[in-house]
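Here the structure is laid out as structure tokens; the discussion comes afterwards.
The values are calculated or read from the model by the stated rules, or taken from the named source; none is laboratory data. On a predicted model such as this, the values are computed, not experimentally measured, just so you know. Every residue, glycine as well, gets a Cβ built from its backbone with ideal geometry; the counts of neighbours run over all protein chains shown.
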Amino acid sequence: MLEIEDKKALYVVLEGMDASGKSTQAKMLADFLSSQGFRVLLFAEPTDSVVGRFLKEKMLKSGKYSPETVALCFAADRLIFRDEKLLETLKTHDVVISDRNYYSSLVYQSVMGLDYHWVKEINRFAVKPDIAFIIDISVDEYMRRKGNTKIIFENEEFQREVREMYLKLPELLINDNIVVLDGNKSVEELHEEIKKKVVAML
């Protein structure tokens, strides 16, 4: 993965299964850091690029696209955002927080049946974060939380494999700073854990 030598910002990623609470934690972290005077950018994948909007508005709801197409679109969206905003922001801001990153591609597209190493290869130019938090919840908890959201990744067995793959990432990516958190803790407890680690790095 790409490391930016002259970057200023701390790059933080929040990851996990759907309904794990990562989006809530990403926003809470961004709000806290902003309140402390840090210049913060918070964004989510898929982004608002042309490819990202297609992913959100059509591809992830239809289920008719091949795993290869989905994987390549996620990789393309990631690099478009990198070129249009991320690289520059990493040089001007204090903290950049991403709600999902290439870890999601490694997990979801692998579970969709693609070769892990191929997915990793097409994402090799994604920017490597300084720290990634994986919020881990059980599949039973996922089923309880998911509500009526209709996306192609929502079924129980798929999410079971997703969880297993997320928990393998620290071993597969030994050079990445990946922290697995217990998503069954309260929102406030998780926020305190994340905040403590990030502030220490700042």
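Taking (1) surrounded by fewer than 17 Cβ atoms within 10 Å (Cβ to Cβ); (2) in contact with a helix residue (DSSP H, G or I) (Cβ under 9 Å, 6 or more places away or on another chain) in turn, residue 107 satisfies each apart from (1).
All told, residue 14 falls short of being over 12 Å from the mean Cα position of the chain (by Cα) and modelled with pLDDT of 95 or more.
Of the residues that sit in segment 74-104 and are among the basic types (Lys, Arg) and within 15 Å of the chain's Cα centre (by Cα), which one is surrounded by the fewest Cβ atoms within 10 Å (Cβ to Cβ)? Selected residue: 82. Each residue in segment 1-11 was checked for being within 15 Å of the chain's Cα centre (by Cα) and among the basic types (Lys, Arg), and 0 pass. Closer than 26 Å to residue 168 by Cβ, in contact with a Ser or Thr (Cβ under 9 Å, 6 or more places away or on another chain) and modelled with pLDDT under 95: is that true of residue 26 in this structure? For residue 26, the condition - closer than 26 Å to residue 168 by Cβ, in contact with a Ser or Thr (Cβ under 9 Å, 6 or more places away or on another chain) and modelled with pLDDT under 95 - is not met. Taking first residues from segment 132-145 that are more than 14 Å from residue 157 (Cβ to Cβ) and in contact (Cβ under 8 Å) with a residue 40 or more places away in the chain and partners that are assigned to a strand (DSSP E or B) and among the acidic types (Asp, Glu), the Cβ contacts under 7 Å between residues at least 6 apart in sequence or on separate chains come to 132/15; 133/15; 134/15; 136/182. Given the condition under 18 Å from the mean Cα position of the chain (by Cα), under 29 Å from residue 138 (Cβ atoms) and either modelled with pLDDT of 95 or more or not small (Gly, Ala, Ser) (or both), answer yes or no: does some residue in segment 48-55 qualify? Yes: one or more hits.
Before we move on, is residue 71 within 12 Å of the chain's Cα centre (by Cα) and aliphatic (A, V, I, L, M)?
For residue 71, the condition - within 12 Å of the chain's Cα centre (by Cα) and aliphatic (A, V, I, L, M) - is not met.
Beta carbons closer than 7 Å, at least 6 apart along the sequence or on distinct chains, pair a first residue in segment 37-54 that is among the small types (Gly, Ala, Ser) with a second that is assigned to a loop (DSSP other than H, G, I, E, B) for 44/100; 52/46. Take residue 175 and decide whether it is free of Cβ contacts under 8 Å to residues at least 12 places away in the same chain, not in a helix (DSSP H, G or I) and not basic (Lys, Arg). Criteria met by residue 175.
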